[in-house]
1. Tell me which GluC sites (Glu not before Pro) from the range 1-93 have a DSSP coil assignment and no more than 15 other beta carbons within 10 Å of their own.
2. Near K17, which lysines are there with a Cα under 25 Å away, not counting those fewer than 8 places off in the same chain?
3. Got a sec? Which residues in the range 1-19 would a label at E37 touch, if it sits 7 Å along Cα→Cβ and we count backbone N under 17 Å?
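FYI, it's all coordinate maths here, none of it is from the lab. Note that the structure is predicted; figures quoted are calculated from it, not measured. Here the Cβ positions follow ideal geometry from the backbone for every residue, glycine too, while neighbour counts run over all protein chains shown.
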Amino acid sequence: MLQVKSISLLSPDNQLKLDCTAMAASEHRCVTDLLAEKLPVPLTDNWMVTAAQINLYYPPEPGKTKAKLVTIEITRKGRLNLHKFDGPLQAQLEGYLVALGILAKGQTLNAQEVPMSDAPDLQPAYED
């Protein structure tokens, strides 16, 4: 199961930043779905997504009751924490990011971090 756990949004005039997090009581619902229900303006009025935390829940391993959780954090400045995962998991996570539209098809990520002074000014990390 994939869940957008938290999201940071910036108003079109750059005067307001909104940070939203889906609470545990939301039963793993995506914060974007909750926003659409409770506060739809940022999603419908072209607010820019500047950061997102995406949780990926794997079924429990045999003999265990707790699901494995992998958290991906991404920002519009190109920071992404995939370098923390092994190669096969990193490739799988990249596939999910392509499916969400965060990465372009065929785009891969280098596991080395780029100093922020050298990073290009990228487009929003995630748009709904």
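1. Hits after loop and neighbour filter: E27.
2. K5, K38, K77
3. From the range 1-19, the list is 2-7.
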